[in-house]
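Written out below as structure tokens is the structure these notes cover.
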There are 2 protein chains.
Amino acid sequence: MKKNIGARLGLYPTPVVLVGTYDGTGKPNLITLAWAGVCCSEPPAVQVSLRKDRYSHAAITERRVFTVNVPSKKYLTEADYAGIVSGRNVNKFESAGLTPLKGEVVDAPLVAEFPVSMECKVTHVLEVGSHDLFVGQIVACWIEEEALRGGGKVDAGKIDPLAYMPGGEYFGLGEFLSAGYTVGRNLIKK
Amino acid sequence: MKKNIGARLGLYPTPVVLVGTYDGTGKPNLITLAWAGVCCSEPPAVQVSLRKDRYSHAAITERRVFTVNVPSKKYLTEADYAGIVSGRNVNKFESAGLTPLKGEVVDAPLVAEFPVSMECKVTHVLEVGSHDLFVGQIVACWIEEEALRGGGKVDAGKIDPLAYMPGGEYFGLGEFLSAGYTVGRNLIKK
């Protein structure tokens, strides 16, 4: 039996990503977000949503580019940290011991240590409420070589990403269950 | 060392949700999506992205409402199924053995068996490319009572949701790691 708890978020799980930008002085910065998701296949695009007063909001608005970096579980502390402090006051890369690499296509920094980094160009901005939604078209996707299988396939389990549960908890990724478009076929009436 | 695999999706993990609508004849329908995410806190809102030719796209466009239903892991088969077949031809609720419940606020069906269902009103539509992004403001959130702790807090682990890894694999949720805004404080310089 379900209970109505009102107008609250109940999407489980959401990804944990660190969005990379350069600020007005060229300093690399990061912000940790869980309000993010895929929003298009062709062209591949993701949305990231930020409050207007966040330091990274101005950087994305100015340069119209950003990176999306997926930490593996062992970077939980660094990921949590980059969501607590502001790049106005600190160099988060330095404090967290992370290495900024300039994007190959866009003018935004990648996190060298993380297994996945996407370079994105802003194509749309939507004012939703407390948050502005930025659509980023993916123009490059960097994957740790150890997580690459033959034929350009990604061994997703080796990414070992974090998952966020709205309300405020980090979880790890669990066991592989199945490939998509497989087990559901059992329910198709012949 | 990372390798650039080109303009490809690398967001891990994404949620797995079944979006509920009524079609033009009033038949309840579902579509399984992993292209979804949170995009605002106040008001709480989620985005779901669908191809224009999907049967549910017309239903959302027509009634401007939908539900977002989060399956627990034991509904993997039903979740995968509702992403394979089209509601043009079948009643997916019936074929999957799921029970449609009319939303309390919006004119769209909830999945009775799933631990979480959100009722959403469309506030924005964005044409991104192959997919249109629908922003749904959450006007009600139904949670299985067994997953509710004191004070309206949700025991996220009891939701036991699926996670999708772009490329095409379902995973379970792993172990609880930490609360947010906690472990990262260790990196704040005193």
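The values are calculated or read from the model by the stated rules, or taken from the named source; none is laboratory data. Since the model is a prediction, treat every value here as computed from it, not as a measurement. FYI the Cβ positions are ideal-geometry reconstructions off the backbone, even for glycines, and counts take in every protein chain you see.
Anything in region B:1-25 that is part of a loop (DSSP other than H, G, I, E, B) and either farther than 23 Å from A:K121 by Cβ or charged (D, E, K, R) (or both)? List them, or say none.
B:M1, B:R8, B:P13, B:V16, B:D23, B:G24, B:T25
So which residues in region B:131-154 are more than 7 Å from chain A (Cβ to nearest Cβ), more than 16 Å from A:G129 (Cβ to Cβ) and in contact with a Gly (Cβ under 9 Å, 6 or more places away or on another chain)?
B:A147
Would you point out the residue of region A:155-190, among those that are among the aliphatic types (A, V, I, L, M), under 29 Å from A:A140 (Cβ atoms) and surrounded by 15 or more Cβ atoms within 10 Å (Cβ to Cβ), that is nearest to the other protein chains (Cβ to nearest Cβ)?
A:A156
So which of B:N29, B:N89 ends up being modelled with pLDDT under 95, over 20 Å from B:H124 (Cα atoms) and not hydrophobic (A, V, I, L, M, F, W, C)?
So the residue among B:N29, B:N89 that is modelled with pLDDT under 95, over 20 Å from B:H124 (Cα atoms) and not hydrophobic (A, V, I, L, M, F, W, C) is B:N89.
Identify, please: which residue in region A:1-25 is surrounded by fewer than 16 Cβ atoms within 10 Å (Cβ to Cβ) and of a type in the set (G, A, S) and is, among those, farthest from the other protein chains (Cβ to nearest Cβ)?
Per the stated criteria, the residue is A:G24.
Conditions first: (1) touching a Leu at 6+ places or on another chain (Cβ under 7 Å); (2) in contact (Cβ under 8 Å) with a residue 24 or more places away in the chain. B:D107 passes all but one, so which condition is the exception?
For B:D107, the exception is condition (1).
Spot the failing condition for B:L110; the list is (1) aliphatic (A, V, I, L, M); (2) facing another protein chain (nearest Cβ under 7 Å); (3) closer than 23 Å to B:W35 by Cβ, and only one is missed.
(2)
What are the pairs with Cβ atoms under 8 angstrom where one residue, in region A:81-93, is more than 11 Å from every other protein chain (Cβ to nearest Cβ) and the other, located anywhere, is acidic (D, E) and not in a helix (DSSP H, G or I)? Sequence gap at least six, or different chains.
Within 8 Å, the pairs are A:G87/A:D23.
Checking A:L98 against (1) among the hydrophobic types (A, V, I, L, M, F, W, C); (2) farther than 25 Å from B:C39 by Cβ; (3) without any contact (Cβ under 8 Å) to a residue 60 or more places away in the chain: exactly one of these is not met. Which one?
Just one mismatch for A:L98, condition (3).
Looking at (1) within 11 Å of chain A (Cβ to nearest Cβ); (2) in contact with a helix residue (DSSP H, G or I) (Cβ under 8 Å, 6 or more places away or on another chain); (3) surrounded by fewer than 18 Cβ atoms within 10 Å (Cβ to Cβ), which one does B:K74 not meet, given that it meets all the others?
It is condition (2) that B:K74 fails.
Take A:N69 and tell me if it is more than 8 Å from every other protein chain (Cβ to nearest Cβ) and either more than 27 Å from B:G129 (Cβ to Cβ) or not in a strand (DSSP E or B) (or both).
For A:N69, the condition - more than 8 Å from every other protein chain (Cβ to nearest Cβ) and either more than 27 Å from B:G129 (Cβ to Cβ) or not in a strand (DSSP E or B) (or both) - is not met.
Can you name every residue in region B:149-180 that is assigned to a strand (DSSP E or B) and modelled with pLDDT under 95?
Listed by number, the list holds a single entry, B:V154.
Would you pick out the residues in region A:122-139 that are more than 14 Å from the chain's Cα centre (by Cα) and in a strand (DSSP E or B)?
If the condition is that a residue be more than 14 Å from the chain's Cα centre (by Cα) and in a strand (DSSP E or B), then A:V122, A:T123, A:H124, A:V125, A:L126, A:E127, A:H131, A:D132, A:V139 are the ones that fit.
Please verify whether A:F66 is touching a helix residue (DSSP H, G or I) at 6+ places or on another chain (Cβ under 7 Å), touching a residue at least 12 places away in the same chain (Cβ under 8 Å) and not acidic (D, E), treating the condition exactly as stated.
yes
Before we move on, is B:V122 more than 7 Å from every other protein chain (Cβ to nearest Cβ), among the β-branched types (V, I, T), in contact with a strand residue (DSSP E or B) (Cβ under 6 Å, 6 or more places away or on another chain) and closer than 16 Å to B:P15 by Cβ?
Answer is no for this residue.
If you check A:L126, A:L177, which single one turns out to be among the aliphatic types (A, V, I, L, M), closer than 16 Å to A:V38 by Cα and free of Cβ contacts under 8 Å to residues at least 60 places away in the same chain?
A:L126
Tally the residues that are outside any strand (DSSP E or B) and crowded, with 23+ Cβ neighbours inside 10 Å, restricting the search to region B:26-51.
Final tally of qualifying residues: 3.
Which numbered condition in (1) buried (at least 24 other Cβ atoms within 10 Å of the Cβ); (2) more than 28 Å from B:F176 (Cβ to Cβ); (3) aliphatic (A, V, I, L, M) is the only one that A:V65 fails?
The number of the failed condition is (1).
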